[in-house]
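Heads up, the thing below is written out as structure tokens.
Just so you know, all these numbers are worked out from the coordinates, no wet-lab data involved. The shown structure was predicted, so the numbers you read here are calculated from the model rather than taken from an experiment. Cβ coordinates were reconstructed from backbone atoms using ideal geometry, including for glycine residues, and neighbour counts include every protein chain displayed.
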Amino acid sequence: MNVTELLRLLQAEHDETAARADHLREQIDQLTTALTEVEARLAEIVTTGKVIGGLALPDHEPASAETATVYQRIVTAFNEHPGQVFRVRELHELLGLRTDEPSINVTRSRLGRLVRQGLLEQPGRGRYQKRT
């Protein structure tokens, strides 16, 4: 076997190994993307579980369907606008809720509960956003 033949064989093995490495990198990218999607879904499931668990009244009676729906709408609004900071009145306008003071106060209490549960954060007084 001469040097030229040896170099040709070495180049062929190099090309095969490089192609295999490229294929493995593509698989890693695909798996990383899939893992990110699954982790995001898992976080949504945990959040949903916290909200549902938080809707139970102290004596473990389920909350009314209307209350559950409002909480779901609030959480959905924050999920759809994850970086946005809302004031309570702005959130009411976005959700199409009444903007009278008693309604605002009820929502303010609900938002406080979601902050305590760790679903939202309060970057300033009267301002709420999704916890990142």
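Assorted remarks:
- Helix 3-55 and the longest principal axis of the Cα set of the chain meet at an angle near 10°.
- Peptides 16-27, 94-105, 118-129 ranked from most to least packed by the mean count of surrounding Cβ atoms within 10 Å: 118-129, 94-105, 16-27.
- Each of (i) 1.42; (ii) 1.19; (iii) 1.39 is a candidate for Rg/Rh (Cα atoms, Kirkwood Rh); the one calculated from this structure is (i).
- Here the Karplus curve 6.51 cos²θ - 1.76 cosθ + 1.60, taken at θ = phi - 60°, turns the phi angles of the range 114-122 into couplings of 5, 5, 4, 7, x, 7, 10, 10, 10 Hz, with x standing for Gly and Pro.
- 0 to 90° range, to nearest 10: angle between helix 65-80 axis and the chain longest Cα axis: 40
- Here is how the number arises for the chain: DSSP H runs of 4 or more residues each give -39500 (n - 2.57), the sum is divided by the residue count, and the result at 222 nm is -25000 deg cm²/dmol.
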